[in-house]
Amino acid sequence: MGHGVDGRTTPAAHLDADAAATIAATLQALATPSRLMILTRLRQGPCPVGELADAVGMEQSAVSHQLRLLRALGLVTGSRRGRRIVYSLYDTHVAQLLDEAVYHIEHLRLGARDLPEAAEADGEEEAGEREEAAEAARGGAAGAAVRTRAGAEVKPLSR
């Protein structure tokens, strides 16, 4: 997901205290359902506050309050169009954060794992389980459920 900052294609291996605090604040901002609903709606495209409020089922003043926080953290931006301010995601990194969070939750729900390349020495059996979980996530040939290694039955996501 990295984009080559300072010539790197992956993030730095270690964080200093300031970077860790900034990242923690950003992730904390993503820790409320209302903010996630706002960001998810903005993932679809720019939107003024009134439309955002309708889309997420919140009062306009509450959405404005959340947008102030999201702007301060660099997750959204606003541009004036006449008398209205239209909000959008700050950049594609915010969209990628949202997408990765959704993919991670889907994988947890399905019991699937994407291991780092260094850990890909897993057996054929685990690779087969991951493929079955991925097939279920896609809806499967017949929408069949799968069982996780813990034995829980997981039905495919409805899209």
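The table for this structure:
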| quantity | calculated |
| --- | --- |
| Qualifying residue in the range 45-64 (condition: open to solvent by less than 70 Å² (accessible area, probe 1.4 Å), modelled with pLDDT under 90 and in contact with a Lys or Arg (Cβ under 8 Å, 6 or more places away or on another chain)) | no |
| Residue that is under 21 Å from the mean Cα position of the chain (by Cα) and either assigned to a strand (DSSP E or B) or of a type in the set (D, E) (or both), where the choices are S79, S34, S88 | S88 |
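The values are calculated or read from the model by the stated rules, or taken from the named source; none is laboratory data. All of these numbers come straight from a predicted model, not from anything done at the bench. Quick reminder, even Gly has a Cβ in these numbers, built from the backbone with ideal geometry, and neighbours come from all protein chains shown. With ligands, DNA and RNA removed, areas are computed over all heavy atoms of the protein, side chains included. Shrake-Rupley method; radii C 1.70, N 1.55, O 1.52, S 1.80 Å.
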